[in-house]
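These notes concern the structure reproduced below.
The values are calculated or read from the model by the stated rules, or taken from the named source; none is laboratory data. These numbers come from a predicted model, not from an experiment. All Cβ positions, glycine included, derive from the backbone under ideal geometry; neighbour counts span all protein chains shown. Only protein heavy atoms, including side chains, enter the accessible area calculation; ligands, DNA and RNA are left aside. Shrake-Rupley method; radii C 1.70, N 1.55, O 1.52, S 1.80 Å.
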Amino acid sequence: MAWSMDSGDLDLEVKIGVVHPATDAYAAEAVEALKAGKVIAVPTDTLYGFACDACSLEAVNRIYEIKGRKHTSPLAICVGDVSDIDRFALTDHLPHGLLDSLLPGPVTVILRRGESSALERSLNPGFDSIGVRVPDCNFIRLIARGSGTALALTSANLSGQPSSVCIKDFEKLWEHCASVYDGGTLPSGRAGSTVVDLTTPYKYKILRPGSAKEETVAILEKHSFVETALS
C-alpha cells in the first residue's frame with residue numbers, strides 16, 4: 001500500500017524541515033544561509049527576530065516584505081562582539097568601558113554611522129544613525145561572528161502585531177524563512193530591548209523603555225550621562 005499525504009501533512013513536513021534547534025551544531029548552517037542572502041529566524045535575549053546580512057539589499061528588502069513593514073522604519077543591526085561595533089558606527093565620543101557595561105544585553109544603542117561605516121548606504125536610507133545590538137544570546141552571536149559582517153535584525157512578527165517569545169507565535173511566517181531556529185520560550189516577556197540614543201556625548205534619550213530601562217539608566221548615570229527630553 002502506497003503512502004499518501006494530504007496537504008495538511010505536507011505543510012507539516014515543510015514546517016518540520018525548516019525548524020532546527022538553536023544550538024552550536026546548527027550555527028554553520030545558519031551562517032551559510034545568511035551568506036546566501038537568505039532570511040532566518042533566531043532567538044535573542046529578548047524576542048525572536050528575523051535576521052539577514054545587513055549588506056545584502058535583496059535580503060533586507062525580503063525582511064520588509066515578510067513583516068509588511070514600511071521602508072521608512074529603520075532596521076537595527078546585530079554584531080557578535082562589542083569590539084565589532086566601531087566597524088559600523090561611531091564610538092569615539094563614548095567613555096571607555098561604557099559599551100562593555102551595557103552589552104551584551106537587552107539594549108539597542110543608537111549611534112551615528114559616520115562616513116567610515118562598513119554598512120551599505122542602502123540600509124536605512126535617509127538615516128545617519130543606526131541601532132546596534134549585541135544580544136546576550138550565544139547562538140546569534142556565533143552566527144554574527146561567522147558571517148563576518150553585521151546582521152540586520154528585527155522582531156519576528158507582522159508589523160504592528162504582538163512580538164514573538166516562542167516560534168509558535170510566528171508560525172504563519174515560517175515559510176518565508178530559510179530556517180527557523182528554536183531556542184524555546186524566551187523568559188523576558190514581550191517588552192523587547194531597551195532602545196537608547198547615545199549619539200550625543202554624555203547625553204542619553206530612552207526611545208523605548210523595553211526590558212532593561214532601570215539597569216541601562218543606572219549604567220549611563222554612573223558614566224556621568226544626563227538624560228535629554230524626547231523632542
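Among the candidates ARG145, ARG121, which residue alone is among the charged types (D, E, K, R) and more than 16 Å from the chain's Cα centre (by Cα)? If you could, list the steps in order and put the result at the bottom.
Values: ARG145 fails: more than 16 Å from the chain's Cα centre (by Cα).
Of ARG145, ARG121, the one residue that is among the charged types (D, E, K, R) and more than 16 Å from the chain's Cα centre (by Cα) is ARG121.
The residue pairs whose first member lies in segment 115-142 and is more than 26 Å from VAL180 (Cα to Cα), whose second member is hydroxyl-bearing (Ser, Thr, Tyr), and whose beta carbons are closer than 6 Å, counting only pairs six or more residues apart or on different chains, are SER129/THR199. When segment 127-138 is filtered for residues that are more than 20 Å from ILE63 (Cα to Cα) and buried (at least 20 other Cβ atoms within 10 Å of the Cβ), only CYS137 remains.
In the set ILE130, ILE140, which member is aliphatic (A, V, I, L, M), at negative phi and not in a strand (DSSP E or B)?
Selected residue: ILE140, the only one of ILE130, ILE140 that is aliphatic (A, V, I, L, M), at negative phi and not in a strand (DSSP E or B).
Conditions tested, residue by residue: (1) exposed (fewer than 13 other Cβ atoms within 10 Å of the Cβ); (2) within 21 Å of GLY131 (Cα to Cα); (3) at pLDDT 95 or above; (4) touching a helix residue (DSSP H, G or I) at 6+ places or on another chain (Cβ under 7 Å).
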{"residue": "GLU13", "(1), (2), (3), (4)": "yes, no, no, no"}
{"residue": "HIS20", "(1), (2), (3), (4)": "no, no, yes, yes"}
{"residue": "GLU29", "(1), (2), (3), (4)": "no, no, yes, no"}
{"residue": "LYS35", "(1), (2), (3), (4)": "no, no, yes, yes"}
{"residue": "THR46", "(1), (2), (3), (4)": "no, yes, yes, no"}
{"residue": "ILE63", "(1), (2), (3), (4)": "no, yes, yes, no"}
{"residue": "LYS70", "(1), (2), (3), (4)": "yes, yes, no, no"}
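For segment 73-102, which residues satisfy the criterion of being small (Gly, Ala, Ser), more than 20 Å from TYR202 (Cα to Cα), assigned to a loop (DSSP other than H, G, I, E, B) and modelled with pLDDT of 95 or more?
Initial filter on segment 73-102 (small (Gly, Ala, Ser)): 73, 76, 80, 83, 89, 97, 101.
After this cut, where a residue has to be more than 20 Å from TYR202 (Cα to Cα) as well, the list is 73, 76, 80, 83.
Then keep just the ones that are assigned to a loop (DSSP other than H, G, I, E, B); that gives 73, 80.
GLY80, the sole residue that qualifies.
Residues in segment 177-196 that are part of a strand (DSSP E or B) and open to solvent by 30 Å² or more (accessible area, probe 1.4 Å): 1 in all. Applying a threshold of 7 Å to beta carbon distances and a minimum spacing of six or more residues, or different chains, the list of pairs starting in segment 60-71 at a residue that is within 19 Å of THR149 (Cβ to Cβ) and polar (S, T, N, Q) and ending at one that is open to solvent by 60 Å² or more (accessible area, probe 1.4 Å) and assigned to a helix (DSSP H, G or I) is empty.
Mind telling me which of the residues THR200, THR154 ends up being among the polar types (S, T, N, Q), open to solvent by less than 50 Å² (accessible area, probe 1.4 Å) and modelled with pLDDT of 95 or more?
Details: THR200 fails: open to solvent by less than 50 Å² (accessible area, probe 1.4 Å).
After applying the criteria, what remains is THR154.
I'd like the full set of residues that are closer than 19 Å to ILE206 by Cβ and either open to solvent by less than 10 Å² (accessible area, probe 1.4 Å) or out of contact with any Asp or Glu (no Cβ under 9 Å at 6 or more places or on another chain) (or both), limited to segment 103-126. Selection gives LEU103, GLY105, VAL107, THR108, VAL109, LEU111. Restricting THR154, THR216 to those that are in contact with a strand residue (DSSP E or B) (Cβ under 6 Å, 6 or more places away or on another chain), of a type in the set (S, T, N, Q) and part of a strand (DSSP E or B) reduces the list to THR154. Of the residues making up segment 203-222, those that are surrounded by fewer than 16 Cβ atoms within 10 Å (Cβ to Cβ) and closer than 26 Å to ASP92 by Cβ number 7.
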